[in-house]
Every structure is written in C-alpha cells, then in structure tokens.
1. When you scan region 182-193, how many residues do you find that are in contact with a Ser or Thr (Cβ under 9 Å, 6 or more places away or on another chain) and open to solvent by less than 30 Å² (accessible area, probe 1.4 Å)?
2. Among the residues of region 279-292, how many are under 15 Å from residue 12 (Cβ atoms), open to solvent by 10 Å² or more (accessible area, probe 1.4 Å) and not charged (D, E, K, R)?
3. From the list 168, 130, which residue is out of contact with any strand residue (DSSP E or B) (no Cβ under 7 Å at 6 or more places or on another chain) and either modelled with pLDDT under 95 or farther than 21 Å from residue 344 by Cα (or both)?
4. Only one residue in 228, 236 is in contact with a Ser or Thr (Cβ under 8 Å, 6 or more places away or on another chain) and either modelled with pLDDT under 95 or closer than 22 Å to residue 266 by Cβ (or both). Which one?
5. Cβ contacts < 7 Å: first residue surrounded by fewer than 19 Cβ atoms within 10 Å (Cβ to Cβ), restricted to region 154-176; second residue part of a helix (DSSP H, G or I) and among the small types (Gly, Ala, Ser), any location; separation 6+ or different chain. Result?
6. Could you check, for region 224-231, whether at least one of its residues is on the phi > 0 side of the Ramachandran plot and in contact with a helix residue (DSSP H, G or I) (Cβ under 7 Å, 6 or more places away or on another chain)?
7. List the number of the failed condition for residue 126; all other conditions in (1) in a loop (DSSP other than H, G, I, E, B); (2) over 21 Å from residue 70 (Cβ atoms) hold.
8. Would you pick out the residues in region 110-123 that are over 19 Å from residue 349 (Cα atoms) and open to solvent by less than 10 Å² (accessible area, probe 1.4 Å)?
Amino acid sequence: MLTRDVEMTGSLPKELLLSKHIHFLRKYADNSNENYEQLMVEYLRMSGIYWTTTALQLMDSDFDKAGRADILAMIKTCVHPNGGISAAKGHDPHLLYTFSAIQIMVSYDALNDQIIDIDKTAQYIRSLHKSDGSFMGDSWGEVDIRFSFAGIGSLALLGRLDTIDLDKTIDYVMLCYNTIDGGFGSRPGSESHAGLIYCSLASLSIAGQLDRIDADLLGWWLAERQLPSGGLNGRPEKLPDLCYSWWVLASLTIIGRLHWIDKHKLLRFILATQDEETGGFGDRPGNMVDPFHTLFGLTGLSLLSHQYSCDPNESIPVDHNTDDGFDYANQWKSISEKIKQINPVFCMTQSVINRTNIKLQYLSL
C-alpha cells in the first residue's frame, strides 16, 4: 500500500530555536502591525491571540507582561449584548471564539476583571445547546462535535457546567463514536478524525466518562497515524501535518497511551518544521510558518518531554543516544526545561489548570 509522506533531509533544523519562536510570536502579536496578512485572517483573530499567548506562556516567563492590558481590552470590544464573543470587533459571536476568549482570560487570571458578565456568557453558551445534547456553533445552527467541546470546556472554565444536562451532552458525543476503529467523527456516522477524537476525549475527560470508549482500539488507531518520517496525520492516507502533534498526542495522553508513539522520530519531524531565519513552525518541513502550527509544535514537544509514560502523572523514562546524530537524552532534558507542561485536555499550561481546580479524568494501562 502506498504511504503518503514527506522526505526528511539532513539540512533541516535539529535544535529548538526558542528565542526565535518568542520573537516571531511577539512580532505577530503586535497590535500596531495591521498588515495585509493579518487583515485577511481577521475572522480568526481571537483564536490567533489564543494560539499566540498560549505558545508564549509555554516558553516565556514574562508572559503576563506581554500585552495583557491591550489583549483584554480587545476582548472586551468583541463581547456582544447576548454574552457571546466574536473573533474580532464587528463580527458575529460564535462559540469557538467565545471559548478562545475564555481560555485567554483564564490564562491571564482575568475572569473577574469585568470584561464579561460570566452568567450572561454562560447563558449564551446554554442557548446554543440543543435538546438532543449537541451544540450549535452560532445562531445559524451548524452542529459539530468541536462545538460540543467548546461548550463543555467554556462552561467548565467559567464554573457553570451545571447550566446544561451534561449526561445528555455526553450521550450525543457518544453518538459520534465509531465502534469500527474507536474514533469519533464530526457528527453521527462521520469518518473518524484525530482532531475530532481530541474534542470528544477532552469532553469525556471533563465529564469523567472515559470508561465509555475502547481505549486500546482507539490507541491503536491513533498510533497508526505516525508515518515513516516521524510525523503524524489526522486520518489514513493523508500527509503528515505538525498540528497533529497536538491532536494525536493529547488524545493518547488522555487515554494513557502516549508511549505508543515513537517520540524520537516525532522529535526529528517537529524540529524540522521550524524556520531557522524567522522562527515559528510550519505544517511540514520547508513550509510557511504561522502561530497555529507554532503552538501545536510546542505543545507536542511539551507532552513528549513531560508526560511520555504510561501515566500522565509520571516522569518520562531515561533515553539513550542513537547513531542518527541526535543526542536524545540532552535534547529531551533541554526541552523539558525550556517548555512548560501543557494540559492535554484544555491546551493551556498545567499551572493555569491547577489554579482552576477543575477535576479531569485520565486513563492508564
């Protein structure tokens, strides 16, 4: 069977370019830099700020000084009278951008800074919850499992999970479960996809209902996403993409099977996607970089360096060097010191989630 993959050459980056990534993200986050590229992706601005600030927080001890006031002021301009939050000022509110805004505010410890009315925002999220347990993304009615996670995750961070019937919500998530491979699709009967699996497992983790899945079957399907290059794809016969270093690895971490991935091969792939001149990560080696892939390259490294074991709470095992030019023992030690631990459910630093006191479920072998 033909396997679609990329070639790895010897001229690709082999070290983590931390300072260049910080510079790349700080330049991107500069609100005064209203260039053509940023204007063209204005509809993603709130998520872009979440990707950027979370990546900076993973790397940078001065995160709280990085434009906090300006970012929180920008969020306030995106809050609508119904409590929903939009991607940018003048856009319609949407559940995905509401979730991103809440994640940013929680990371900045700013939920009580009168940027939003928590009860009104919780009510907006509740208004998108349908009688069958699914969530709409906005008033236009599209239903997707991504919105289920956005709704559950937002309400958990707001401390308002009791505003919905959580059991019915998880029953809908399980309607999207595919018993043939253990994965989840966007809606009932849809093809399994790693990103949607992550959304579903994160929802189940928050609800404490991970016992409803076949973790071994799902773990096998997720481990099969690793290609000879070391990179991961989101479903069979697709090219690797760096973002799956988050969707696949976070899913495997939640079900206690992260060690089913060859982390050395994946390390080589992740480092190869860096731009040695500008900083940042792209989807594949040699491609353009952006904050989205930069965050998920860093979160993949965080999971592999902090949680590569049978139990998310155990430390990683000692590695030995190989003959491919990589000093893996020192590489992993350096990465674990430079990148903070990420929470596999919320994609926020573990220290922030610890502050929320949210109880999450994880599986183990």
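The values are calculated or read from the model by the stated rules, or taken from the named source; none is laboratory data. Keep in mind the model is a prediction, meaning the values are calculated, not measured. Cβ sites come from the backbone with ideal geometry, for glycine too, and all protein chains shown count toward neighbours. Ligands, DNA and RNA are stripped out before the accessible areas are found, and what is left, the full protein with its side chains, is counted by its heavy atoms. Shrake-Rupley method; radii C 1.70, N 1.55, O 1.52, S 1.80 Å.
1. Residues of region 182-193 that are in contact with a Ser or Thr (Cβ under 9 Å, 6 or more places away or on another chain), as a first pass: 182-185, 187, 193.
Cutting the leftovers down to open to solvent by less than 30 Å² (accessible area, probe 1.4 Å) gives us 182-185.
Final tally of qualifying residues: 4.
2. 4
3. Numbers: 130 fails: out of contact with any strand residue (DSSP E or B) (no Cβ under 7 Å at 6 or more places or on another chain).
Within the list 168, 130, the selection yields 168.
4. Working: 236 fails: in contact with a Ser or Thr (Cβ under 8 Å, 6 or more places away or on another chain).
Just a single option satisfies the conditions, and that option is 228.
5. Going by the 7 Å Cβ cut-off, the qualifying pairs are 160/122; 163/122.
6. Taking region 224-231 first, the residues on the phi > 0 side of the Ramachandran plot are 230.
Next cut, in contact with a helix residue (DSSP H, G or I) (Cβ under 7 Å, 6 or more places away or on another chain) only: 230.
Yes, region 224-231 contains a residue that is on the phi > 0 side of the Ramachandran plot and in contact with a helix residue (DSSP H, G or I) (Cβ under 7 Å, 6 or more places away or on another chain).
7. Of the numbered conditions (1) in a loop (DSSP other than H, G, I, E, B); (2) over 21 Å from residue 70 (Cβ atoms), the odd one out for residue 126 is (1).
8. Looking only at region 110-123, we keep the residues that are over 19 Å from residue 349 (Cα atoms), and these are 112-123.
If the condition is that a residue be over 19 Å from residue 349 (Cα atoms) and open to solvent by less than 10 Å² (accessible area, probe 1.4 Å), then 121, 122 are the ones that fit.
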